[in-house]
Amino acid sequence: MTSLVAAPPRKHSRPRKFTVGRGLAWAYLVGVLFVTIFPFYWILRTALSNNYALSAHPAALLPAGFTWGPFQRVLGLATTEQSIAEGGSGASIEIGHYLLNSVVYATVSTVLIVFCSTLAAYAFARLHWRGRDFMFGLFLTALMVPGILTLLPNFVLIVFCSTLAAYAFARLHWRGRDFMFGLFLTALMVPGILTLLPNFVLIKELGLLNSFAGMILPGALFSAFNIFFLRQFMLGLSTETEEAALLDGAGRLRVLFGITLPMTSGPIITLSILGFIGMWNDYFWPLLVTSDESVQPLTLALAVFKQSSPQAQPDWAGLMAATLVAAMPMLLLFMVFGRRIVNSIGFSGIK
Amino acid sequence: MAVLESTAREQRAARPAKRRRRNARQSLNANSPAHRGDGKLAWVLIAPALVGFLVFAAYPTLRGIYLSFTDFKVLSPPEWIGFDNYVQLAHDEVFWSALGVTVYFVVLSVSISLVVSVATAAVLHRLTSSTVIRGLIILPFLISAVVAGTVWSWMLDTQLGVVNIVIKALGGDGVQFLTSRSWAIPSIALISVWKQMGYTAIIIFAGLQTIPPTIYEAGRVDGASELKMFRRLTLPLLRPILALVIVLNIIGAFQVFDIVQVATKGGPANASNVLQMYIYSKAFGQFDFGYAAAMSLSLFAVLIVITFLQMRLLRASESDTNQ
C-alpha cells in the first residue's frame, strides 16, 4: 500500500490519442462549464447596462448602453432623477448598510461558533473528567437536531454519516443495527422548521427579535459537527509537545492556546470558511427573526428589492448590480481559498 | 467525499483514542497529578456549547413536538387540543397539494441533478485532474439561493430573458418559465440543479478517486469500452456513495424554500407552493404555529418512510461490494 502511495501521483489523463468518445466528453464538459459560468457573466453584463437599452437589445452579448448607473443606484450614489432616467425604480437599496449587517452576522457567528467549538473540542480531546464520555455522546445526539443543519451546508450530513455511522455500522454487528441506522438518518432529516419555529418563539420571548443577538445566538454557541470534527483531529495529534510543556509548568490554558490551537489551525480555517459561506448565504433564519432594516442581512434586502419593484418591468440592471455586490465576498473568498474549499468538500477536510 | 478513506482514518484514530481513554480512566481513579483539575476546566470549556445545546437544540425540538398538539397563535399561550391539528391536516387540500408539488420537485431535481453530476464527475475523472475546473464547477454552490433565484428569474424572464431569446432565435415558442403552472416547478428544479450540481459532482468525484486505476487497466486489457467500463465497473463501485448522495439530495430538496420564495413566491395559484413554503405562510402569515408545527412533524414522518426505503438501497449496495 505504501509503495502505491509513494508512486508518482496517478493520472488518469495520461496523454492518449484523440478519439470520438474523448471529444464528446470534452464537449460535454465544456457545455457544463458554460452553463455553470454563463449566469455569472450575464449578471455582470446586465449590471453594466441601461434598462431602456436592455429592453431594446435584450440579446446583446456586451452591456447594452454601458453605464455605471446600476451600481450607483444600488450603492445609493445616484439621485432619484438619474435612476429613473435609466429605468430604475427611484428606490435605492443602500446596499452598504445591508452589506455591513451581513458582515457582522456572518463574521460574529463564525468566530463565535468556531471558538466555542474549539474550547469544547479541547475539553473532549485532552482533559480527563468525570462525565466526559456521557457529555460527548449527548452532544453527538444533537447532530441529529436540524437547526444547526440549516446553518452549515449539507457537508455536515455527509461527514457525519461517514465518521460516526462508519465505525458503529460498518464494523460492529449488533441487533437492530439497520433500524438504528435508519433512525439516525431520519433524525438528521427533521425539517429545519421543526426547531426553527420554537427557536423563533424563544427568541421572541427573550425580546431579541430584530437584534443581532437574536440572529446570531441560536447558531453561535453549539455545533456538534464542529466539535466532533475538531476533536477527531486533536486526537490524531501527537501529545508529546503538550506534555513537555505541562511538565515545564505551563498551565493548561496556556498549552491550549499556545500549542494545541496553532497545531489545529488547518481544520479551524476549513470550518470557518464553510461556516462563513453558510452564514453569509443564510436566508431563512434571518427572515424569521428580523423585520427591521437596521439588522437585516443582504440576502433579505435582495429578496425584498426584487419583490418590491413598483414598475411593471423590474429594475433588472439594478437587481443584477445588487446581486453582484452580494455575491462578491464569496467570489473573493473563492479566489483566495478555492483549492481549499474544493478539497474540503471533496475530502472532508483531509489535509 | 471520501467516505471510505475517512472511515479508515477515523477507525485508526478511534482505536488509540479508546485505549487512551481507558488509561485515562485508570489515572483518573488514581487521581494522577497530571490530570488533577481537568474536570473544572473541562466544564468551563464546554459551558458555551452546553448552553447552546440545551437552549437552542434540545429544548426547541421537544417544544416543537409539544406545540404540534396545541392551538398556539403566538399572542395567547398554547392550548392543548390533542390530535386536532393532525385531523385538520388530513382534510387540508392545500397541504396535500403542497405535498404533491414538493414530491414532484424532489423527483425532478434529484434525478436530473444525479444524472448530470454523475456524468460530470465521471468525465472529470477520466479527462482531467485540474483543480481550476473543479473549482469553477463548484462556483454556484458558493452563492446564496437568493442570488441564484434572482439571476435565473432574470434569465428566464418571459420577454427579456436570454433563455427565451435563444429559444425564439432557434425557432421555438417563448416559454413562460416562472409564470405558468406547468413550468413553475420544472424551472425551479432546474435552478436548484444548477446551484447544487457542482457540489454533488465534487463529492462523487472524490468517491471516484478511491477506485484503484488498476481496475480500469484490467478492463482495458480485456477490451472493454469506456462506456462499458462505466456501467460495469464505475457505477457498481460507486453505489454506496451514490446511495448516500441521493439520501442527502432528497433531504435537501424536501426543504426547498429560498429559491421558491425569490422566483415564484409559491405561485402561480399554488403551482409551486412547496411544503416548507406553506408551513412558513401558516406560521408567519396566519400565525398558526401549532398547525405549522404539526405540518413540520408530518413532513418528518414522510422523510422517515423515504429513508427506510433508502436504507434498503444502501444495504443492497453493501452486500454487492462485499461479494
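The values are calculated or read from the model by the stated rules, or taken from the named source; none is laboratory data. The model shown is predicted, which means the values in this text are computed figures rather than measured ones. Reconstructed Cβ throughout: ideal geometry from the backbone, glycine too, with neighbour counts over all protein chains shown.
Some observations on this one:
- Among the candidates B:Gly149, B:Gly198, residue that is in contact with a Pro (Cβ under 7 Å, 6 or more places away or on another chain) and at pLDDT 85 or above: B:Gly198
- Residue in region B:211-221 that is at the interface with another protein chain (Cβ under 9 Å from one of its Cβ atoms) and either within 30 Å of B:Pro268 (Cα to Cα) or not hydroxyl-bearing (Ser, Thr, Tyr) (or both) present: yes
- Here B:Trp183 qualifies as more than 18 Å from the chain's Cα centre (by Cα) and buried (at least 17 other Cβ atoms within 10 Å of the Cβ).
- Region B:225-283 - residue that is among the basic types (Lys, Arg) and under 24 Å from B:Ala293 (Cα atoms) and, of those, nearest to the other protein chains (Cβ to nearest Cβ): B:Lys265
For every residue, the table says whether it meets (1) surrounded by 11 or more Cβ atoms within 10 Å (Cβ to Cβ); (2) part of a helix (DSSP H, G or I); (3) modelled with pLDDT under 80; (4) β-branched (Val, Ile, Thr).
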site	(1), (2), (3), (4)
A:Lys11	no, no, yes, no
A:Arg22	yes, yes, no, no
A:Leu29	yes, yes, no, no
A:Leu33	yes, yes, no, no
A:Ser55	yes, yes, yes, no
A:Pro58	yes, no, yes, no
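- Residue tally, condition in a helix (DSSP H, G or I), within 11 Å of another protein chain (Cβ to nearest Cβ) and hydrophobic (A, V, I, L, M, F, W, C), over region A:231-254: 6
- Residue match in region A:99-110 (condition: outside any helix (DSSP H, G or I) and at pLDDT 80 or above): no
- Hits in region A:120-138 (condition: in contact (Cβ under 8 Å) with a residue 24 or more places away in the chain and assigned to a helix (DSSP H, G or I)): A:Ala120, A:Ala121, A:Tyr122, A:Phe124, A:Ala125, A:Phe136
- Of the residues in region B:170-180, none is at the interface with chain A (Cβ under 10 Å from one of its Cβ atoms) and on the phi < 0 side of the Ramachandran plot.
- Residues of region B:50-64 that turn out to be buried (at least 16 other Cβ atoms within 10 Å of the Cβ) and either among the aromatic types (Phe, Trp, Tyr) or at pLDDT 85 or above (or both), as a count: 2
- For region B:207-241, the set of residues classified as more than 19 Å from B:Ala119 (Cα to Cα) and of a type in the set (Gly, Ala, Ser) consists of B:Ala218, B:Gly219, B:Gly223, listed by residue number.
- Candidates are the residues of region B:125-144 that are at the interface with chain A (Cβ under 7 Å from one of its Cβ atoms) and small (Gly, Ala, Ser); the one that is surrounded by the most Cβ atoms within 10 Å (Cβ to Cβ) is B:Ser144.
- Among the residues of this structure, B:Leu297 does not count as one that is in contact with a Ser or Thr (Cβ under 6 Å, 6 or more places away or on another chain), modelled with pLDDT of 85 or more and of a type outside the set (Val, Ile, Thr).
- Region B:67-87, residues that are surrounded by fewer than 15 Cβ atoms within 10 Å (Cβ to Cβ) and either polar (S, T, N, Q) or facing chain A (nearest Cβ under 10 Å) (or both): B:Ser76
- Cβ-Cβ contacts under 9 Å between residues 6 or more apart (or on different chains), taken from a first residue in region A:18-43 that is closer than 11 Å to B:Val123 by Cα to a second residue that is surrounded by 11 or more Cβ atoms within 10 Å (Cβ to Cβ) and of a type in the set (Asp, Glu), are listed as A:Gly21/B:Glu226; A:Arg22/B:Glu226; A:Ala25/B:Glu226.
- Tally, over region B:121-133, of residues that are part of a helix (DSSP H, G or I) and touching a Ser or Thr at 6+ places or on another chain (Cβ under 9 Å): 6
- In region A:50-76, the residues that are under 19 Å from A:Phe38 (Cβ atoms) and away from chain B (no Cβ under 13 Å) form Cβ pairs under 7 Å with partners that are among the hydroxyl-bearing types (Ser, Thr, Tyr) and surrounded by 18 or more Cβ atoms within 10 Å (Cβ to Cβ), at six or more places apart or across chains, as follows: A:Pro63/A:Ser49.
- If you go through region A:194-215 and keep only what is within 19 Å of the chain's Cα centre (by Cα) and either surrounded by fewer than 21 Cβ atoms within 10 Å (Cβ to Cβ) or modelled with pLDDT under 75 (or both), you end up with just A:Phe212.
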